[in-house]
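The values are calculated or read from the model by the stated rules, or taken from the named source; none is laboratory data. Everything quoted here is computed from the prediction, not taken from an experiment. So basically every Cβ, Gly included, is an ideal-geometry build from the backbone, and we count neighbours across all protein chains shown. Ligands, DNA and RNA are excluded from the accessible area calculation, which covers all protein heavy atoms including side chains. Shrake-Rupley method; radii C 1.70, N 1.55, O 1.52, S 1.80 Å.
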Amino acid sequence: MLPYVAHDPRFSRLVIGHANLERLFSGCRWAEGPAYFAAGRYLIWSDIPNNRMMRFDETDASVSVFRSPSFNSNGNTVDREGRLVSCEHFMRRVTRTEHDGSITVLADQFDGHRLNSPNDVVVKSDGSIWFSDPTYGIDSDYEGQQSKSEIGASNVYRIDGVTGKVSLLVSDRVKPNGLAFSPDEKLLYVADTGATHVDGLPATIWTYGVDGEAVGAASLFATCPEGLYDGFRCDSLGNVWTSAGRSVFCYAPDGTHLGTIPIGEIVANVCFGGPRRNRLYICGQTSLYSIYLNTRAAV
Ligand code: MG
């Protein structure tokens, strides 16, 4: 049985007919935040309620605990110098793990108020760090620490890579969540999972035109037929590979839903890995999966 469903002929050129969906690890409570480290050939991801970050070694398929406590880390990424950048629910901050292993706090407040609970993060080619800040880590003690929002809104921010200044970029989403740039960095994709807090609100992905350090007006990119979009990544062709309910969806840059990879449990996020960057890692609720594709990471 094929591990995917094609909705558009273009999808067949992006997948490999005999590639399998592989379950690599199980035993997480909420797997999120995959980030691939090319130099070491390993993947880091977060197990948020278990307060740990995990590490999958691609060379021998072993899994170990990378960091515990992780302060309920959520989204992770790798910056242009190969350093780990993480969102921490419990500490309500974005951190960077330096080459020597020490941890630098990149942002923990905006305008004198503590952040809510940074959720997902992406680094632009100019070294700036863009992150979403919904309330999931302060809504309960399960994924962080229950607390009031000091900011009173859920936004997307930019940390300047040189000065460290934190700027407000997106303030018109209910719960901004997953983030990614198009390959040319002219578009920022932002998922909105506000349906968790507003009855009847559609689950959506929006695009924002990017102009240097600013973004333009929002434009609706996709609406999820069932469940939520959470995290996603673009491939080198600009297709968007996103979590979507209990599946991974692939969208063309024009918003056409090209194909579906059913996973069988709620999917939180994906990222490309492997020496050729053609292996899609998938964080399902309890498990880490992967599948080889006939496309590769945007960067
Ligand atoms: Mg997320």
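Positive-end ranking of V156, N294, G264 along the dipole of the chain, with charges on Cβ about the Cα centre, is headed by N294. Farthest towards the positive end of the charge dipole of the chain, among the residues Y229, T95, Y4, is the Cα of Y4, using unit charges on the Cβ of Lys, Arg, Asp and Glu.
Straight-line cross-link partners of K186 among the aspartates and glutamates, defined as a Cα under 18 Å from its Cα and at least 8 positions apart when in the same chain: D126, D160, D211, E213, D235, D254. If only the Cβ of Lys and Arg carry +1 and only the Cβ of Asp and Glu carry -1, the dipole of region 1-159 around its Cα centre is close to 180 debye. With all protein chains kept in place, the per residue accessible area of region 5-292 amounts to 40 square angstrom at a probe of 1.4 angstrom.
Partners of K165 within straight-line reach, counting lysines whose Cα lies under 19 Å from its Cα and excluding those fewer than 8 residues away in the same chain: K124.
Over the C-alpha trace of region 97-203, radius of gyration and Dmax come out as 14.3, 47 angstrom. With contacts taken as Cα pairs under 8 Å at a separation of at least 6 residues, the chain carries a relative contact order of 17 percent.
Under a model in which nothing but the beta-carbon of Lys, Arg (+1) and Asp, Glu (-1) is charged, the chain shows a dipole of about 560 debye around its Cα centre.
The alpha carbon centroids of region 9-87 and region 212-263 are separated by 19 Å.
Highest mean first, the peptides 4-11, 92-99 sorted by other C-beta atoms within 10 Å per residue fall in the order 92-99, 4-11.
Taking a ≥ b ≥ c as the square roots of the eigenvalues of the Cα gyration tensor of the chain, is the shape rounded (a/c under 1.5), prolate (a/b larger than b/c) or oblate? In terms of gyration-tensor shape, rounded.
Restricting the trypsin sites (Lys or Arg not before Pro) of region 109-183 to loop positions (DSSP other than H, G, I, E, B) with no more than 14 neighbouring Cβ atoms within 10 Å leaves K148, K165.
Overall, the accessible surface of region 114-245 at a probe of 1.4 angstrom is composed of carbon and sulfur to the extent of 50 percent. Relative intensity of region 244-299 on a log10 scale, I(q)/I(0) at q = 0.13, 0.22 Å⁻¹, equals -0.32, -0.88, per a Debye sum over C-alpha point scatterers of equal strength in the absence of solvent. Whole-Hz Karplus values for region 17-32 come out as x, 10, 7, 9, 7, 10, 8, 9, 7, 9, x, 8, 9, 8, 7, 8 Hz, taken residue by residue from phi with 6.51 cos²θ - 1.76 cosθ + 1.60 and θ = phi - 60°; glycine and proline positions read x. Pick out, from S247, N51, Y189, the residue whose Cα sits farthest towards the positive end of the charge dipole of the chain, with +1 on the Cβ of Lys and Arg and -1 on the Cβ of Asp and Glu. Farthest along the dipole direction, towards plus: S247. Take the Cα coordinates of region 1-141, assign each an equal point scatterer, and use the Debye formula without solvent to give log10 I(q)/I(0) at q = 0.11, 0.14, 0.16, 0.21 Å⁻¹. Values, matching the q order: -0.48, -0.74, -0.90, -1.23.
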